Amino acid sequence: MPRKLVAVLAALLVLAVACGEASDDSAGESGAQGGCELSDPPTLEGGTLTVATDRPAYPPWFEGSPKDYSGFEGDLAAAIAERMDLDIKWVVEPFNKSYAPGAKNYDFDINQISITPERAQAVDFSDGYFNNNQGFLAAEGSDIGGATSLGDLEGAQLGAQVGTTSLAFINERIQPESDPKVFDTTNDVKSALESGQIDALVTDVVTTVYLRDFEIKGTEVIGQYPTEEPFGMVFEKESPLVDCVNQVLEELKGDGTLDGLQEKWLQDYLGVPELSD
Amino acid sequence: MGDTKRSAGRGSRLLGNRAVLVSTTSTILFFIAVAVVVALAPGSDIVGERFLNWVHLKQSLLGTATAPSVAEAFLLNVRMFMIAEAIILVLALVIALVRGVPGPVFFPFRAVAVVYTDIFRGVPLILVLYMIGFGVPGLGLGYVSTRSDITYGIIALVLVYSAYVAEVYRAGIDSVHQSQTAAARSLGLSRWQSMRFVVLPQAVRRVIPPLLNDFIGLQKDTALVSVLGSIEAARAAQIYGAEQFNYSAYVVAALLFVLVTIPLARFTDHLIARDRRRREAGGAAPGALGTAAGAPHDVPGTIG
């Protein structure tokens, strides 16, 4: 029996080494994509731009039903499709699956995903289309309500959604006395704030204002911290489409369309006092 | 496994020398075949990079400035498992005993036990976690509503797994032949004494393998407590994965779970084998009445 066990372990090791070696050469290269013909964009389905986002999708990023999303990101994707002369089709892609290897059933994923160098090793990002700040939402009249700096938040029990840059921000910049609580979805962070399990919820500032106005009664946005992380659309590594989308994005920035969308959807959400270090 | 003295010189007790050779060879060939298929698959590069990247495996195990260490987070799983297991062993036994109490006076107690096991075996653990973890603090009941999410998590695990384990105990109790109780009663033992000294010792020993099976399940399900906010191994892996866009951290978490589960599984095998040997040796298990080994004075050697 022990000999058999050793044999199994040895075989497993062979397996691990085989996979490990095979992977070495593919690591670390950044996606260098050549020119992309805007007149004939290399999409998954001819004539259609298939765009993915998570579900539930939150306003004001997304409004309406998955059949025809509007909202800031919904309209942006629609504008990109229009400039490419394509129909748009929406599919659902959970955030945690967006970086899985293997064939995708969409052209790109747009889901408030921050561009970071680590992530860019695994996927390709479009250029940024929005600069995100971290926002802090707490119960009205709580002890941390008067916070003016990140230091004032050190003693609070903070909570964030898993996979967000908010969590990394808490750990790196605030370094609170007690470990932050981490939840699967924004809804769960919301429940924890409502039931008093956490003192403050940390997410992008737009979402905090949305939650205050429409979802959780009796809360206030304490402030925002200007991290200015760019949101980018996520493509499969080496996707030939990135260049086309970037060209269109450049156009939309140049002719004021992107600013218009930001004004239309996000204006009400950005007037929040800034916290100092 | 376990009894090396016996197997020395004649190969595996189960297989014999030649069979061991054949089984070893076939095992090696099987895994080589799997390794070759995986290595030659068109996507093996990318899958290897995303799931078995050495740097990410190491880094996620130890943690980074922004992502917690998977190894450290795993200690929380172990802690929750140990506390929950101790409570479940006792609570489930109480439920099983209550369910077996005879007499019309005790009907409401039996009914509660039945309803309890029906409900908590049927409701998915994640739902119980949500109801306890977000519901109870929402009630605003002072002390009860201000416990940590880990406490609520353990309560949910105990509620669900006690229902399973109670049924396992009950199956064990039912499997002890009626004549055992009858013999015990005829010796002058009370109903409780015959349960305590005659039925339970036999019942518990019979159900140890399924009990441990449930505990392996419990061990893995501690990962679900993370929905309430605390960072255990699977959650730590998820955080690392989302930060680096790499799944290697999940592999690390999986290996940690397996590392703890394998000894438990081997221990179960060992108990089963020992039990079989004892029975084959002709002696009845401690507790059994009506056989040579079953004199009442060596009865209380219970959970053997």
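The values are calculated or read from the model by the stated rules, or taken from the named source; none is laboratory data. Source: prediction; values computed, not measured. When we count neighbours, we look across all protein chains shown, and the Cβ atoms used for this are built from the backbone with ideal geometry, even at glycine.
Condition check ((1) modelled with pLDDT of 95 or more; (2) more than 17 Å from the chain's Cα centre (by Cα); (3) closer than 30 Å to B:Leu61 by Cα) across all residues:
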residue: B:Val90; (1), (2), (3): yes, no, no
residue: B:Gly100; (1), (2), (3): no, yes, no
residue: B:Phe106; (1), (2), (3): no, yes, no
residue: B:Phe109; (1), (2), (3): no, yes, no
residue: B:Ser148; (1), (2), (3): no, yes, yes
residue: B:Val158; (1), (2), (3): yes, no, yes
residue: B:Tyr161; (1), (2), (3): yes, no, yes
residue: B:Thr181; (1), (2), (3): no, yes, no
Fill in: In the stretch B:252-266, residue farthest from B:Gly217 (Cα to Cα) [restricted to those that are under 13 Å from the mean Cα position of the chain (by Cα) and without any contact (Cβ under 8 Å) to a residue 12 or more places away in the chain]
B:Pro263
Item to complete: Considering every residue within the stretch B:209-223, establish whether at least one is within 14 Å of another protein chain (Cβ to nearest Cβ), touching a residue at least 24 places away in the same chain (Cβ under 8 Å) and assigned to a helix (DSSP H, G or I).
Response: yes
Worksheet item: Which condition number in (1) in a helix (DSSP H, G or I); (2) at pLDDT 90 or above; (3) not small (Gly, Ala, Ser) is the one that B:Pro137 fails?
Response: (2)
Worksheet item: With B:Ala92, B:Ala67 as the choices, which residue is surrounded by 19 or more Cβ atoms within 10 Å (Cβ to Cβ), facing another protein chain (nearest Cβ under 10 Å), in contact (Cβ under 8 Å) with a residue 60 or more places away in the chain and touching an Asp or Glu at 6+ places or on another chain (Cβ under 9 Å)?
Response: B:Ala67
Worksheet item: Going by the conditions given, is A:Asp255 in the same structural domain as A:Asp109 (by TED's automatic domain parsing) and either surrounded by fewer than 23 Cβ atoms within 10 Å (Cβ to Cβ) or touching a strand residue (DSSP E or B) at 6+ places or on another chain (Cβ under 8 Å) (or both)?
Response: yes
Worksheet, complete the sentence: So, first residue more than 8 Å from A:Gln161 (Cβ to Cβ) and free of Cβ contacts under 8 Å to residues at least 24 places away in the same chain in the stretch A:179-194, second residue of a type in the set (Val, Ile, Thr) and surrounded by fewer than 21 Cβ atoms within 10 Å (Cβ to Cβ), Cβ within less than 8 Å, six or more apart or across chains; the pairs are A:Glu194/A:Ile216
Worksheet item: Out of the stretch B:74-113, which residues are farther than 20 Å from B:Val204 by Cα and of a type in the set (Val, Ile, Thr)?
Response: B:Val78, B:Ile83, B:Val105, B:Val112
Fill in: Matching residues, the stretch A:50-69, being outside any loop (DSSP other than H, G, I, E, B), out of contact with any Leu (no Cβ under 9 Å at 6 or more places or on another chain) and crowded, with 19+ Cβ neighbours inside 10 Å
A:Val51, A:Ala52, A:Thr53
Worksheet entry | Residues of the stretch B:59-78 classified as touching a helix residue (DSSP H, G or I) at 6+ places or on another chain (Cβ under 8 Å) and in a helix (DSSP H, G or I), total | 12
Item to complete: Please tell me if B:Asp269 is in a helix (DSSP H, G or I), more than 14 Å from chain A (Cβ to nearest Cβ), touching a residue at least 40 places away in the same chain (Cβ under 8 Å) and farther than 27 Å from B:Leu129 by Cα.
Response: no
Worksheet item: Just for helices (runs of 4 or more DSSP H) wholly inside the stretch A:149-222: which have at least 1 residues that are at the interface with another protein chain (Cβ under 10 Å from one of its Cβ atoms), over 22 Å from B:Gly241 (Cβ atoms) and in contact with a Ser or Thr (Cβ under 7 Å, 6 or more places away or on another chain)?
Response: none
Response to the item:
The lone condition A:Gln134 fails out of (1) among the polar types (S, T, N, Q); (2) surrounded by fewer than 19 Cβ atoms within 10 Å (Cβ to Cβ); (3) closer than 25 Å to B:Ser230 by Cβ is (2)
Worksheet item: Can you pull out the residues in the stretch A:253-276 that are under 30 Å from A:Leu44 (Cα atoms) and under 21 Å from the mean Cα position of the chain (by Cα)?
Response: A:Lys253, A:Leu258, A:Asp259, A:Leu261, A:Gln262, A:Trp265
Fill in: Pick from the stretch B:29-58, criterion more than 7 Å from chain A (Cβ to nearest Cβ) and outside any helix (DSSP H, G or I), ranking: surrounded by the fewest Cβ atoms within 10 Å (Cβ to Cβ)
B:Pro42
Worksheet entry | Residue in the stretch B:180-187 that is buried (at least 20 other Cβ atoms within 10 Å of the Cβ) and out of contact with any Gly (no Cβ under 9 Å at 6 or more places or on another chain) present | yes
Discussion item. Within the stretch B:113-154, take every residue that is within 25 Å of B:Gln219 (Cα to Cα) and polar (S, T, N, Q) and give me the one that is nearest to the other protein chains (Cβ to nearest Cβ).
Written reply: B:Ser148
Practice prompt. Mind counting the residues in the stretch B:111-135 that are touching a residue at least 60 places away in the same chain (Cβ under 8 Å) and under 17 Å from the mean Cα position of the chain (by Cα)?
Written response: 1
